[in-house]
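Asker: Just dropping this structure here.
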Amino acid sequence: MQYSVQGTDGKSYGPVDMATLQQWAQQGRVFPHSIVINHANSQSIRASQMPELGLGAANPYAAPPAQVQYPRPDHGPQRTGLVGETHLGRVIFRSIIAVVLCVAFPVGGMISGAYCLYYGINAFAHKDKNAVACLLISLGAVAFVAIYTLVKMSHGVSPLVGGN
């Protein structure tokens, strides 16, 4: 059977087998109050309710140590779904907002474009697999907003008001 543990950092660690789970309990990585998910039946229980972990006699409400390192600290649940929940989604969303906003309010488009560029750079910092695409899209949006604003300004339109 496979198990996962809800860590004190809110991330899920696993799936692992019972031997690994017992080893984590012995190393102080699983606490009596930790939530353990049994993948065979999707049941969630406290670790103190699992006799095979030997944590039943301990106080299930005791506070965990401040620093706990799990064997795989970077493998928490991945956020997927909505467009704004990934770096690429954030960059695309901010690019669209920047381009649309620059028509009515060029300064707003520049501010939104700056956020877009921030998310493009942030994708590199988090080693996102779409980091290059994020950066190119964000740079394209910023370039469009800058060129559009300069063209409007050359026609006498204030960058604070926008308009046609």
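Asker: From (1) surrounded by fewer than 18 Cβ atoms within 10 Å (Cβ to Cβ); (2) at pLDDT 85 or above; (3) not basic (Lys, Arg), pick out the condition that doesn't hold for Thr8.
Answerer: (2)
Asker: Collect the residues in segment 98-109 that are surrounded by fewer than 18 Cβ atoms within 10 Å (Cβ to Cβ) and assigned to a helix (DSSP H, G or I), keeping them in residue-number order.
Answerer: Going residue by residue through segment 98-109, those that are surrounded by fewer than 18 Cβ atoms within 10 Å (Cβ to Cβ) are 100, 103-105, 107.
Result: Val100, Val103, Ala104, Val107.
The values are calculated or read from the model by the stated rules, or taken from the named source; none is laboratory data. Model, not experiment: these values are computed from the prediction. Please note: Cβ atoms are built from the backbone with ideal geometry, for glycine as well, and neighbour counts cover all protein chains shown.
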